[in-house]
Each structure stands twice: as C-alpha cells, then as structure tokens.
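The values are calculated or read from the model by the stated rules, or taken from the named source; none is laboratory data. Because the structure is a prediction, the values reported are computed rather than measured. Virtual Cβ from ideal backbone geometry, glycine too; neighbours counted across all protein chains shown.
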Ligand SMILES: O=C(O)CCC(=O)C(=O)O
C-alpha cells in the first residue's frame, strides 16, 4: 500500500514510482511468457491484432515493439492485471472500484526500441472524469539508457495539448514550439511499477543500451468514469469492471476534452499513429 506521502506525491506530480510490487516468481513468469510471444512473432511479417512489429522485424531477428491487449492473450498477464497489490494501490488513487480501460506490453529491444513522443493518454481516450491512470509493470530495470518513461511533473493539472496535425489525430503533442518543461525520469527496478495520471505528459527515448526495456501497461479507471469514444454496450462495459459493481451513472466533471478523430490511415498502436507526426523529436534522441 502507498503511504500518505506517496499518495500526495501522485496527486501533486501526476505520477509515482513504486518498487518491489511483484514477487520474483511473478516476474519470472511474465518474462517467460513474453519470450514465448517473441518466438511466436518469428512466424509473422506484418503487424496484426496481437503483434506490433518494428519496421525491421524478421524471422531471423524478431523485433517486437508491442503485444496488443496482453490480458486477452495469456492468463499470466491477466493474473498480474488482477494483482491485489496493484489494485489496492490503484484504489488508493482513484477510490474504491476499478474498471479496465486498455492493456498493452511495450517492448524496447536492446540497441533499438522505438521512441514514444510526448503525449497525454487522455488525448487517446477522453472520459467523463479523469480518475483514469496507467500502471506500468517493469519486466526489466528501467534506466535512462534503455529508454525509461519521462514525465512532466504537474502537467496533469495543466492544459490538454493538441494532438492533431492538419486536422488528423497524430497521437503526440503537435503544437509548434512545444517544450515539456521540467522532466522526471522514472528509474525503476524490474518488479516495480510506474503510475501516471491520464493527463500527465510523458514520453520515452529509444533504447541505447544492451538491455531490453519491457513495460506492461495497464490502464484503469474509476467505475463511474465512462469513455466518451467507444459507446460500449452494457454487457461490454460490465465486462471491464475489475473490482466493484457496474452502474449506469457516469460522474461528469469539467475536464477538457478533444476527440481523437479523424485518425490517420495507418492508425493502430501509438507507434503507428505517431509515425504521422511531422516533428518526431524523441525518435532523434
Ligand atoms: O512505452 C513507453 O515508454 C510509453 C508508452 C506510452 O506512453 C503509451 O503506449 O501510451
């Protein structure tokens, strides 16, 4: 559980790092299953519903940058998604009751690994209120060299930046002259987690080290935070409840919203969407 200081840090800064959340066994299981997916990706040459491939992926040298929706792909990911230690922390930050938003496993290969440009998750999935956050479970030590997550402290309380260019959603801050201001590096040991608020500006550089950087991202929201975009049926919505009972009364807060439409033609993962961004500053680092 988080201390009151850690909770206050999260609300003030819009992110937090928590060490030692997973056991060695849980970490070993996650790594084993993830290695199996990398092996399986040798058989495919184009991204699909499960695998998001780096442009230079091959059967001989598999380069996987994302496993999509991992909790639907393997029970080990689903078990960690429902991990009591993680859910208890999430409830401390967004109140009792938890709903699933999205899940993904981002992988940065050694000496490679795509960058992620500055963005706010909120731009991808606006909700009726912003009790929405992402937990990043570290499968490897996350260091400056292997492309740790970078956060802009306090940005969750600031503006929602435009993520559109020429009228198309490009999945990254597109405003000319944009500077994130002060940035903080999330340096975490394997088995620890990062947590960031959906409106916090964040990014990461390519991996310039000999070590992988694999980050399992679970996005959770409060039970009364309804997505503005997808219009789920009640059955679909109820199926996303992780803790608590589904209701039909969204809590509407005065939160800034820009709908992430229209999407570019190659809209898939954040990596594909950000390829449409003109100035890919993080990718050059
Ligand atoms: O993997 C990372 O470094 C950041 C990923 C991210 O922000 C995202 O996928 O939305």
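Quick rundown of the values:
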{"read-out": "Tally of residues being surrounded by fewer than 22 Cβ atoms within 10 Å (Cβ to Cβ), in contact with a strand residue (DSSP E or B) (Cβ under 6 Å, 6 or more places away or on another chain) and part of a strand (DSSP E or B) across segment 147-167", "value": "1"}
{"read-out": "Selection within segment 35-72 - assigned to a helix (DSSP H, G or I) and in contact with a helix residue (DSSP H, G or I) (Cβ under 7 Å, 6 or more places away or on another chain)", "value": "70, 71"}
{"read-out": "Subset of segment 108-140 (residues that are more than 12 Å from the ligand (Cβ to nearest atom), part of a strand (DSSP E or B) and more than 13 Å from the chain's Cα centre (by Cα))", "value": "127"}
{"read-out": "Odd one out for residue 189, checked against (1) under 23 Å from residue 18 (Cβ atoms); (2) out of contact with any strand residue (DSSP E or B) (no Cβ under 8 Å at 6 or more places or on another chain); (3) surrounded by fewer than 18 Cβ atoms within 10 Å (Cβ to Cβ)", "value": "(2)"}
{"read-out": "Count - residues of segment 169-183 that are over 21 Å from the mean Cα position of the chain (by Cα) and assigned to a strand (DSSP E or B)", "value": "0"}
{"read-out": "Leading residue by the ranking (nearest to residue 66 (Cα to Cα)) among those in segment 96-105 that are within 11 Å of the ligand (Cβ to nearest atom), surrounded by fewer than 24 Cβ atoms within 10 Å (Cβ to Cβ) and at pLDDT 95 or above", "value": "104"}
{"read-out": "Residue list for segment 252-266, restricted to those being buried (at least 16 other Cβ atoms within 10 Å of the Cβ) and either within 14 Å of the ligand (Cβ to nearest atom) or over 12 Å from residue 168 (Cβ atoms) (or both)", "value": "255, 260"}
{"read-out": "Flag for residue 251 being touching a helix residue (DSSP H, G or I) at 6+ places or on another chain (Cβ under 9 Å) and either part of a helix (DSSP H, G or I) or touching a residue at least 60 places away in the same chain (Cβ under 8 Å) (or both)", "value": "no"}
{"read-out": "Which numbered condition residue 89 fails, given (1) assigned to a helix (DSSP H, G or I); (2) within 9 Å of the ligand (Cβ to nearest atom)", "value": "(2)"}
{"read-out": "Residue identified as buried (at least 20 other Cβ atoms within 10 Å of the Cβ) and over 17 Å from the mean Cα position of the chain (by Cα) among 201, 223", "value": "223"}
{"read-out": "Number of positions in segment 141-162 that are over 18 Å from residue 19 (Cβ atoms) and more than 10 Å from the ligand (Cβ to nearest atom)", "value": "12"}
